[in-house]
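Asks: Quick one: the structure is below, questions incoming.
The values are calculated or read from the model by the stated rules, or taken from the named source; none is laboratory data. Model, not experiment: these values are computed from the prediction. Reconstructed Cβ throughout: ideal geometry from the backbone, glycine too, with neighbour counts over all protein chains shown.
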Amino acid sequence: MGRMVVGVCGWVFLAGPARAVTLTLWTNNIVMPANRTFQLPVTASDPDGQPLKFTVTTSNKRLQVEFAPSSNPSLVINVSGVDMNTNPFTGDLVAQLFSDLTPTTTARIVTLVNSNFYNGLLFQRVISNFVAQCGGATTNINLESGVTIDDEYVGSLIYDGFGQLAMANQASASSAGNHDSNDSQFFITDVDLSIASTNAPSPEYLNFEQPIFGQLTSGFDVLAKIMSTPVGPNPDNSSEVSAPLSNVVMNSVTVITNSQDTVLRLTEIGTNSFGKAAGSNSLAGAVASNFLGNVTVTIGAANAENQMATQMLQVTVITDTNTSPPFWGRLPDSVTVSQGVATAFPITFTNIDKTSTSPSIEDSATGSFPTNILLTSSPHTNLYTFSPDATLTGTVHLVFSITDNIHEPDTHTVAFNVLAGSPTPTMTIVPLKGSMVDAGNKTASSTINVTGTFAFNSQSDQTFSSNDVISLSLGLTNNPLSLIIAPSESGWKLRKGVISGQGIPSNASSKKVHVSTQFDPAKGTFKILASGIDFPTHLTNNILQVGVAIGINYGRDVRPWVEIKPGTFVPPPPLVSSP
């Protein structure tokens, strides 16, 4: 009996391959140091290329987790070369740039990319289990862009991961190995590095020596092929076998907005002995402790249709024996002020190991602490005020240095350009009444109380601003009491044009000094009050001065004051304006 064939009239749908969100981790197991941050690359994809939303949970709150901002740009580096078997390959390296942490470095890289600087250049140095370095030319391995930028270190960016992007020093022999000599060359660390590995350890000795500015997020298979390319002696370093025998070429480099991949930042935060997270409001003297052990992290990626992919990550937190050097925060390259006028800027440093540090400042011309610029610091902030000597003009190069006495110091040079002041003050100040009382041998008992009038002259900007530093010089002309009041001080106010503030003397021995001042341009009046001070030199019935520097507006009244009783001086009558 034959089969009965039944025909069905209608549309026929053919089943196709499923399209879904994918999420991949290059490794599902990492080892990270306690009290540090690990930059974990997360590779994901939406079938239609739509933006993905990432989620993360952790089995232990001692491991803080957050994603790098999606606004960070990414590089796409299209590379061609040959692998360990001399088979040709072409593929893309995609790396997120940390513009949120290293904006200066990122901006420079983006500028070079947008000018097509990297197109056609080489990975000219490849060392397995270490780095692949790029930015040299096909005919000139030491190509430079001609613009250098300073090192931009961040405490959370250390060499504890893999596929990390970092700046290489300027290639020229005269600058190689020097700090603050970043040009166009950068490197990517190998794909299989770990701080727990014996054969392929993460290069933690580069912490705060070569600044990290990005993280590879996809193309790890391409990087692995680059790392396996056959190499020979480096023409610039005969002892190093690192020059690819066949060119590994950066065919093109572009900047994109990457909505597919991301970077997960994992930080072991530690606790103190009272169980509070380190960095929270905890009792003074609490002893910090770190979590050591395993943590499970679950990472998810979802698209607009709520299609989701997840991956599990096992994190092992260990004690890290590596010691990293301290480094300065951002310092200016140059500062320009008028003669006799103070300037201020914050000075900070980072020391992730909390080891003993030795900061110093020296005049590059003398190799000693500067004697012609008075340095004072605020007890409440990191603001430091620099007051050039009243007679100083020209440029002084101050070298800021900090070291833990283990590593080479991190240094930065600031050029202080002191312009000659106006032959006539831009602010005329006239003390009307008040007194300077020198209490003699009584510690911290001297006082100042001066009120009077002032006026802006034509060369002044006629205003006070929140950036102005008030510098007062009171007492003997050859050794006055210097008082600095900076905008960061807690008592600083600028309201309706009236500037007032509280500060401390910069050259008095007493630490119980209270200083306040107020200038009201509408009324043309000023007040200066100080108590609990010691004058650096006992006052005599001689020339006394009241000198004020506020931004670019300065003036002084230098003439004999009257001693009305031993140690007490008042402005002399008749009162006349200073010349």
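Asks: Restricting the first residue to region 311-326 and requiring it to be assigned to a loop (DSSP other than H, G, I, E, B), which pairs with a second residue that is hydroxyl-bearing (S, T, Y) meet a Cβ separation below 8 Å and a spacing of at least six or different chains?
Replies: Here the result reads N322/Y205; T323/T355; P325/T403; P326/T350; P326/T355; P326/T357; P326/T403, each pair linking region 311-326 to a residue that is hydroxyl-bearing (S, T, Y).
Asks: For T376, are the conditions met, namely being farther than 16 Å from T411 by Cβ and over 18 Å from the mean Cα position of the chain (by Cα)?
Replies: Values: farther than 16 Å from T411 by Cβ: yes; over 18 Å from the mean Cα position of the chain (by Cα): yes.
For T376, the condition - farther than 16 Å from T411 by Cβ and over 18 Å from the mean Cα position of the chain (by Cα) - is met.
Asks: What about F67, is it at pLDDT 95 or above, of a type outside the set (V, I, T), under 18 Å from D261 (Cα atoms) and buried (at least 19 other Cβ atoms within 10 Å of the Cβ)?
Replies: Answer is no for this residue.
For every residue, the table says whether it meets (1) free of Cβ contacts under 8 Å to residues at least 40 places away in the same chain; (2) out of contact with any helix residue (DSSP H, G or I) (no Cβ under 9 Å at 6 or more places or on another chain); (3) under 27 Å from N237 (Cα atoms).
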position	(1), (2), (3)
G81	no, no, yes
N85	yes, no, yes
G91	no, no, no
V94	no, yes, no
S99	yes, no, no
S115	yes, yes, no
V126	no, no, yes
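Asks: Anything in region 223-245 that is assigned to a strand (DSSP E or B) and touching a Leu at 6+ places or on another chain (Cβ under 6 Å)? List them, or say none.
Replies: Going through region 223-245, the residues assigned to a strand (DSSP E or B) turn out to be 231-234, 237-244.
Matches in region 223-245: G232 only.
Asks: Does at least one position in region 410-433 carry a residue that is under 30 Å from P326 (Cα atoms), at pLDDT below 80 and either among the aromatic types (F, W, Y) or outside any loop (DSSP other than H, G, I, E, B) (or both)?
Replies: No - not one qualifying residue is present in region 410-433.
Asks: Between L112, L122, which is buried (at least 20 other Cβ atoms within 10 Å of the Cβ), among the hydrophobic types (A, V, I, L, M, F, W, C) and in the same structural domain as G214 (by TED's automatic domain parsing)? Write out each step before concluding.
Replies: On the way: L112 fails: buried (at least 20 other Cβ atoms within 10 Å of the Cβ).
None of the others qualify; the one that does is L122.
Asks: Another question, if that's okay. So which residues in region 461-494 are among the hydroxyl-bearing types (S, T, Y), modelled with pLDDT of 75 or more and either more than 17 Å from R559 (Cα to Cα) or in a strand (DSSP E or B) (or both)? Please lay out each step first, then the result.
Replies: Restricting attention to region 461-494, the residues satisfying the condition of being among the hydroxyl-bearing types (S, T, Y) are 463, 465-466, 471, 473, 477, 482, 488, 490.
Restricting the remaining residues to those that are modelled with pLDDT of 75 or more gives 463, 471, 473, 477, 482.
Residues satisfying the conditions are T463, S471, S473, S482.
Asks: Restricting attention to region 112-132, which residues are within 18 Å of A166 (Cβ to Cβ) and assigned to a helix (DSSP H, G or I)?
Replies: Passing the criteria: L112, V113.
Asks: Sort out which residues of region 525-579 are modelled with pLDDT of 85 or more and basic (K, R), and write them in order of number.
Replies: Result: K527, K565.
Asks: Residues of region 192-222 being among the polar types (S, T, N, Q) and crowded, with 17+ Cβ neighbours inside 10 Å, which ones? Break it down stepwise before answering.
Replies: Within region 192-222, the subset among the polar types (S, T, N, Q) is 194, 197-199, 202, 207, 210, 215, 217-218.
Correct list: S194, S202, N207, Q210, Q215, T217, S218.
Asks: Can you find, within region 495-509, the residue that is modelled with the highest pLDDT among those that are in contact with a strand residue (DSSP E or B) (Cβ under 6 Å, 6 or more places away or on another chain) and within 16 Å of G532 (Cα to Cα)?
Replies: Applying the first criterion (in contact with a strand residue (DSSP E or B) (Cβ under 6 Å, 6 or more places away or on another chain)) to region 495-509 yields 498-503, 505-508.
Narrowing further to those that are within 16 Å of G532 (Cα to Cα): 502-503, 505-508.
On the way: Q502: 71, G503: 67, P505: 63, S506: 61, N507: 58, A508: 54.
Per the stated criteria, the residue is Q502.
Asks: Could I ask something else about it? Pull up region 385-409, narrow it to residues that are hydroxyl-bearing (S, T, Y) and modelled with pLDDT of 85 or more, then point me to the one that is farthest from the chain's Cα centre (by Cα). Talk me through it step by step, then tell me what you get.
Replies: Going through region 385-409, the residues hydroxyl-bearing (S, T, Y) turn out to be 385, 387, 391, 393, 395, 401, 403.
Checking the rest, the ones that are also modelled with pLDDT of 85 or more come to 393, 395, 401, 403.
Working: T393: 30, T395: 25, S401: 15, T403: 17 Å.
Per the stated criteria, the residue is T393.
Asks: Here is a further query. Taking the conditions exactly as written (within 30 Å of G81 (Cβ to Cβ), at pLDDT 95 or above, buried (at least 19 other Cβ atoms within 10 Å of the Cβ) and touching a helix residue (DSSP H, G or I) at 6+ places or on another chain (Cβ under 8 Å)), does V249 satisfy them or not?
Replies: no
Asks: Can I ask one more? Among residues belonging to region 41-79 that are part of a loop (DSSP other than H, G, I, E, B) and of a type in the set (D, E), point out the one that is farthest from A20 (Cα to Cα).
Replies: It comes out as D48.
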